[in-house]
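What follows is a short report on a single structure.
The values are calculated or read from the model by the stated rules, or taken from the named source; none is laboratory data. All figures in this text were calculated on a predicted structure; none of them were measured in a lab. Positions of Cβ are generated from backbone atoms using ideal geometry, with glycine treated the same way; all protein chains shown enter the neighbour counts. Just the protein is used for accessible areas: all its heavy atoms, side chains included, with ligands, DNA and RNA removed. Shrake-Rupley method; radii C 1.70, N 1.55, O 1.52, S 1.80 Å.
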Amino acid sequence: MKKQLLLGIFIGAVSVTTNAEELTFGTEPSYPPFEVTTEKGELIGFDIDIAQAICQEIQATCHFKTQPFDALIPSLKAKRFDAAMSAIDITPAREKQILFSDPYYDSSASYVALKGKGNLATAKNIGVQNGSTFQQYTVAETPQYSPKSYVNLQDAILDLQNGRIDIVLSDTALLADMMKKEPNIEFVGEKITNEKYFGRGVGIALNKSNKALQVRLNQGLKAIKENGEYQKIYDKWMKK
């Protein structure tokens, strides 16, 4: 009798494991502190830890699929993965195409230039990430600059250091993290918090048809904020 009972428990446990939800998140892994690939090929960062914490709360298993940033939303619309986390600003234009979770990070944009060699008044050429809200803002709101688009921010910073562009526009936290390794760049001008382009914060992006997952991710996000796990992750990546 005991053997049968134990066997039943074992089969039940296997069944639960087998039926555990598998969620795949799209991300662009060259955007520290949000996501970056280590020398060993490990994917780490603020977004990665937040996704893992949410998945633990909703009893799902997280997987990550890397793509260029400008391919994330098209791939999400084509249902190539379940959600996308890559410091994606919640903007009105994007909300017409996809769903978003509640915001999990308050974003702002900033400019950087080489120390002592650039300012917003004299700059002509600006580097922005292709497909980003920084690119959209530059094209629409600052016609005095000639934009040059890049697959990732590191390439833009490299061109900045080599004198091919004058300034770069990107996420404030990302640029602040980059300055720790690139001491020859500095912030110029004021932070930009234009909601039309930079939205009402950063959110998890989902396909329009996936409202059920949106609800569950919001529940998980709320839980990690209430139990203190979110703050631990924030302090780990944003307050170094």
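Listed by position, the helices (runs of 4 or more DSSP H) enclosed by the stretch 184-239 that each have at least 2 residues that are open to solvent by 70 Å² or more (accessible area, probe 1.4 Å) and free of Cβ contacts under 8 Å to residues at least 24 places away in the same chain are 211-226, 229-238. Filtering the stretch 106-123 to residues that are out of contact with any Asp or Glu (no Cβ under 7 Å at 6 or more places or on another chain) and not small (Gly, Ala, Ser) leaves Asp106, Tyr111, Leu114, Lys117, Asn119, Leu120, Thr122.
For residues that are aromatic (Phe, Trp, Tyr) and in contact with a strand residue (DSSP E or B) (Cβ under 6 Å, 6 or more places away or on another chain), scanning just the stretch 105-149, find the one that is nearest to Ala78 (Cα to Cα). Don't jump to the end; show me each part of the working.
Initially, the stretch 105-149 is screened for residues aromatic (Phe, Trp, Tyr), giving 105, 111, 134, 137, 145.
This time we only want the ones that are in contact with a strand residue (DSSP E or B) (Cβ under 6 Å, 6 or more places away or on another chain), so: 105, 111, 134, 145.
Numbers: Tyr105: 26, Tyr111: 33, Phe134: 24, Tyr145: 34 Å.
Restricting to residues being aromatic (Phe, Trp, Tyr) and in contact with a strand residue (DSSP E or B) (Cβ under 6 Å, 6 or more places away or on another chain), the top hit is Phe134.
Within the stretch 146-165, the set of residues being polar (S, T, N, Q) and in contact (Cβ under 8 Å) with a residue 60 or more places away in the chain comprises Asn152, Gln154.
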